[in-house]
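The values are calculated or read from the model by the stated rules, or taken from the named source; none is laboratory data. Source: prediction; values computed, not measured. Cβ: placed from backbone, ideal geometry, glycine included. Neighbour counts: every protein chain shown. With ligands, DNA and RNA removed, areas are computed over all heavy atoms of the protein, side chains included. Shrake-Rupley method; radii C 1.70, N 1.55, O 1.52, S 1.80 Å.
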Amino acid sequence: MPIVIDHVSKDFGAFHALDDVSLTIEDGTFVTILGSSGCGKSTLLNMIAGLSSPTRGRLMLDGIKVTKPGPDRVVVFQQPGLYPWLSLRDNIAFGLRMQSAARGIDWRRVDELIEIIGLRGFEQHRPYELSGGMQQRVAIARALVMAPRVLLMDEPFGALDAQTRHTMQQFLLDLWDRIKATVVFITHDIDEAILLADRLVVMSARPGQIALETTVPLMRPRHWDMSLEPGFLDLKRQAMDILSA
Amino acid sequence: MTGSATNEANTESPAIQADDTSIADPAAPRSGWRHVSRLTTILVMVGTLIVWQIVSDLHVFPPIALPSPIMVWAAFTRLLLAGYGGHSLVGDIWISSVRIGIGFAGAVVIGVPVGLVMARINLIFRIIDPFLQFVRPVPPLAYIPLLVVWFGIGELPKILLILIGTIPVIIIGTMSGVKATPPLRISVAKTLGATERQIFRHVILPSALPEIFTAMRVGIGVAWTCLVAAELIAASEGLGWLVQYAGQALQVAIVIVGIIIIGILGYAMELLIRLVERWAVPWHGRG
Ligand SMILES: Nc1ncnc2c1ncn2[C@@H]1O[C@H](COP(=O)(O)OP(=O)(O)OP(=O)(O)O)[C@@H](O)[C@H]1O
Ligand SMILES: [Mg+2]
């Protein structure tokens, strides 16, 4: 069973942040959730992560109700949030260490991921010795090493400059072609949302609701120049209509 | 703080600075300026000594009240060789160091865990906080008469005074370090499946370390003040006693030597903590 978001609403006091959101996320798909700032994207993602709970409705993963955070639903946040007292390698191994202090850590997996994110030779570096893009790649590796059922990403490239952002998008596309994990990716950047997604969800604001849910008609592997294709531009126009409404 | 500025300048290798100035780059004027400011410091100190020497040579004040720097230096060498009042200078420095070592280490060993527990368990906070709030505004020196009545003039009252003065600083610093843990670090650990205990041990504790060290740097100053005050009033050896005893005998040169040594030692202890801090929390200010 995939992730089922079933008539979920979230209130903060008298404020209705999310109103009656229903969405099913199939295994192995890359879903992006696009919406303007403050429309409730993080609120939705945090509930999938189990960091907060819905006011009404329920969220199910594999038929089981989500009640608390767990390593099967790891989040990559907008800021890397690495631990400065740990080396790059120990940061990536952090989740494994929390799970299996007794059994020991599978360092081969850790090193394999360091290879994948292209940071061989930086194993012993501390986070503050890395660039913002490198730090965010470490944060992604730290999540992936847990082999989560679903990888949740909350504007993971939002804090990066345009050039690094491009590089990271391509990095994530290539990575996804290798691992084909279930990903829920939040962004307010229309191009990013369409380029990365199998399925695109567009939200409207006040209260947050799903305005559009559709399949992205682009082939894989993806490349940024696909953003010039007619299918891409059609979708972009639709999304812009919703966001500017 | 001028202390930290000089300290940072010291760690820069002079050779690298010289290279910087030879190449015309933006760093050059800055490192040049540093040399100037260090020179200024030295000039001011030498100037002060010269003025002091001249004023005392002119006998504006009687020599017994204001001995010249040369007389103070002579007192220092005499003190070093022969001691004073039946104690050697090294002995007085030693006993003061031992007292502060025990008192301060005790304050850290007790204060840090108490602060951690108080930050985590509200009930404990409610129990201890009133005492803390009461002790804090009272100058520690006000406890000296009470401690002397209860415990005499041995080692115990001095160490207790250091504890009373220093523990609140350490506890409050530790608590605020725990509270200042960035929520993002905790969310990350939660989604990676860490338990509450693990989060405390592996995320909150290291996050609190920088503030704990800051509290220790403040605390060592407080501890030193408490100790010297206790020795001034109720002791038969130690640097505070030396100053007090020499003062009663109008040996002003020895009093001045004692004050200078107290100042240098206090500064050295702060430097030592800074050094440990740099080793233990190299990410401080960069994380
Ligand atoms: N803990 C909270 N208490 C009160 N209001 C909140 C809380 N969290 C979020 N909100 C409100 O809910 C709305 C949605 O917030 P959310 O963080 O989900 O937005 P978002 O879509 O992620 O925006 P952004 O793109 O800026 O991150 C906002 O109006 C916000 O002010
Ligand atoms: Mg958000």
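In this entry, A:V216 passes the filter for residues that are under 25 Å from A:V21 (Cβ atoms) and either surrounded by fewer than 15 Cβ atoms within 10 Å (Cβ to Cβ) or touching a helix residue (DSSP H, G or I) at 6+ places or on another chain (Cβ under 7 Å) (or both).
In the stretch A:165-192, the qualifying residues are those that are of a type in the set (S, T, N, Q) and surrounded by fewer than 17 Cβ atoms within 10 Å (Cβ to Cβ), and the one that is modelled with the lowest pLDDT is A:T167. Contact map, the stretch A:222-242: first residue free of Cβ contacts under 8 Å to residues at least 12 places away in the same chain, second residue surrounded by fewer than 16 Cβ atoms within 10 Å (Cβ to Cβ), Cβ cut-off under 9 Å, separation 6 or more or different chains; pairs are A:E229/A:P217; A:D234/A:P217.
Provide a single number: the residues in the stretch B:162-187 that are at the interface with chain A (Cβ under 10 Å from one of its Cβ atoms) and in contact with a helix residue (DSSP H, G or I) (Cβ under 8 Å, 6 or more places away or on another chain). Of the residues in the stretch B:162-187, 3 are at the interface with chain A (Cβ under 10 Å from one of its Cβ atoms) and in contact with a helix residue (DSSP H, G or I) (Cβ under 8 Å, 6 or more places away or on another chain).
Checked against the criterion of being more than 23 Å from A:S22 (Cα to Cα) and open to solvent by less than 20 Å² (accessible area, probe 1.4 Å), the candidates A:L152, A:L160, A:L195 yield just one match: A:L195. Being within 20 Å of A:M146 (Cα to Cα), more than 16 Å from the chain's Cα centre (by Cα) and open to solvent by less than 60 Å² (accessible area, probe 1.4 Å) holds for only one residue in A:I48, A:I105, and it is A:I105. Of all residues in the stretch A:19-41, which are within 16 Å of ligand 2 (Cβ to nearest atom) and among the polar types (S, T, N, Q)? A:T32, A:S36, A:S37 - these are the residues of the stretch A:19-41 that are within 16 Å of ligand 2 (Cβ to nearest atom) and among the polar types (S, T, N, Q). The condition of being within 13 Å of chain B (Cβ to nearest Cβ) and either under 17 Å from A:W176 (Cα atoms) or not aliphatic (A, V, I, L, M) (or both) holds for only one of A:S131, A:S100, that being A:S100.
Of A:R73, A:R89, all but one fail to be open to solvent by 40 Å² or more (accessible area, probe 1.4 Å) and in contact with a helix residue (DSSP H, G or I) (Cβ under 8 Å, 6 or more places away or on another chain); the exception is A:R89. In the set (1) out of contact with any Pro (no Cβ under 6 Å at 6 or more places or on another chain); (2) outside the structural domain of A:V202 (by TED's automatic domain parsing); (3) within 16 Å of ligand 2 (Cβ to nearest atom), the condition left unmet by A:Q136 is number (1). When A:T24 is tested against (1) in a loop (DSSP other than H, G, I, E, B); (2) open to solvent by 40 Å² or more (accessible area, probe 1.4 Å), just one condition goes unmet, and that condition is (1).
Of all residues being assigned to a helix (DSSP H, G or I) and surrounded by fewer than 21 Cβ atoms within 10 Å (Cβ to Cβ) in the stretch A:115-133, which is nearest to ligand 1 (Cβ to nearest atom)? Just the residue, please. Filtering the stretch A:115-133 for residues that are assigned to a helix (DSSP H, G or I) and surrounded by fewer than 21 Cβ atoms within 10 Å (Cβ to Cβ), the one nearest to ligand 1 (Cβ to nearest atom) comes out as A:G132.
Residues that are surrounded by 14 or more Cβ atoms within 10 Å (Cβ to Cβ) and either within 12 Å of ligand 1 (Cβ to nearest atom) or not β-branched (V, I, T) (or both) within the stretch A:1-21 comprise A:P2, A:D6, A:S9, A:K10, A:D11, A:H16, A:A17, A:L18, A:D19, A:D20, A:V21, listed in sequence order. With respect to the conditions (1) at pLDDT below 95; (2) surrounded by 15 or more Cβ atoms within 10 Å (Cβ to Cβ), A:K68 falls short on a single one, namely (2). Filtered by the rule that a residue be surrounded by 14 or more Cβ atoms within 10 Å (Cβ to Cβ) and of a type in the set (G, A, S), the stretch B:229-279 gives B:A229, B:A230, B:A234, B:A235, B:G238, B:G240, B:A246, B:G247, B:A253, B:G258, B:G266. When restricted to residues that are of a type outside the set (G, A, S), within 12 Å of B:C226 (Cβ to Cβ) and surrounded by 15 or more Cβ atoms within 10 Å (Cβ to Cβ), the stretch B:126-167 contains 15.
Here is a yes/no grid of residues against (1) in a helix (DSSP H, G or I); (2) open to solvent by less than 20 Å² (accessible area, probe 1.4 Å); (3) closer than 28 Å to B:I212 by Cβ:
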| residue | (1), (2), (3) |
| --- | --- |
| B:G91 | yes, no, no |
| B:V98 | yes, no, yes |
| B:G101 | yes, no, yes |
| B:I110 | yes, no, yes |
| B:G115 | yes, yes, yes |
| B:A119 | yes, no, yes |
| B:I124 | yes, no, yes |
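Just checking, does the stretch B:55-70 include any residue being under 22 Å from B:G263 (Cα atoms) and of a type in the set (S, T, Y)? Yes, the stretch B:55-70 has at least one match. Taking each residue of the stretch A:152-168 that is within 16 Å of ligand 1 (Cβ to nearest atom) and looking for partners that are among the small types (G, A, S) with beta-carbon atoms closer than 6 Å, six or more apart or interchain, yields A:L152/A:A49; A:D154/A:S42; A:L160/A:G132; A:L160/A:G133. Is it the case, given these coordinates, that B:I204 is without any contact (Cβ under 8 Å) to a residue 60 or more places away in the chain and either open to solvent by less than 50 Å² (accessible area, probe 1.4 Å) or within 25 Å of B:I64 (Cβ to Cβ) (or both)? Yes, satisfied. Between A:D62, A:D72, the distinction of being closer than 28 Å to A:I25 by Cβ, more than 15 Å from the chain's Cα centre (by Cα) and either within 16 Å of ligand 2 (Cβ to nearest atom) or in contact (Cβ under 8 Å) with a residue 40 or more places away in the chain (or both) belongs to A:D62 only.
Looking only at residues of the stretch B:66-89 that are in contact (Cβ under 8 Å) with a residue 24 or more places away in the chain and assigned to a helix (DSSP H, G or I), we find that the one that is most open to solvent (accessible area, probe 1.4 Å) is B:M71. Checked against the criterion of being under 30 Å from A:V4 (Cα atoms), modelled with pLDDT of 90 or more and away from chain B (no Cβ under 14 Å), the stretch A:114-123 contains not a single residue that satisfies it.
Just for the stretch A:44-65: of the residues that are part of a loop (DSSP other than H, G, I, E, B) and within 23 Å of A:V202 (Cα to Cα), which one is farthest from the other protein chains (Cβ to nearest Cβ)? Among residues in the stretch A:44-65 that are part of a loop (DSSP other than H, G, I, E, B) and within 23 Å of A:V202 (Cα to Cα), the one farthest from the other protein chains (Cβ to nearest Cβ) is A:T55.
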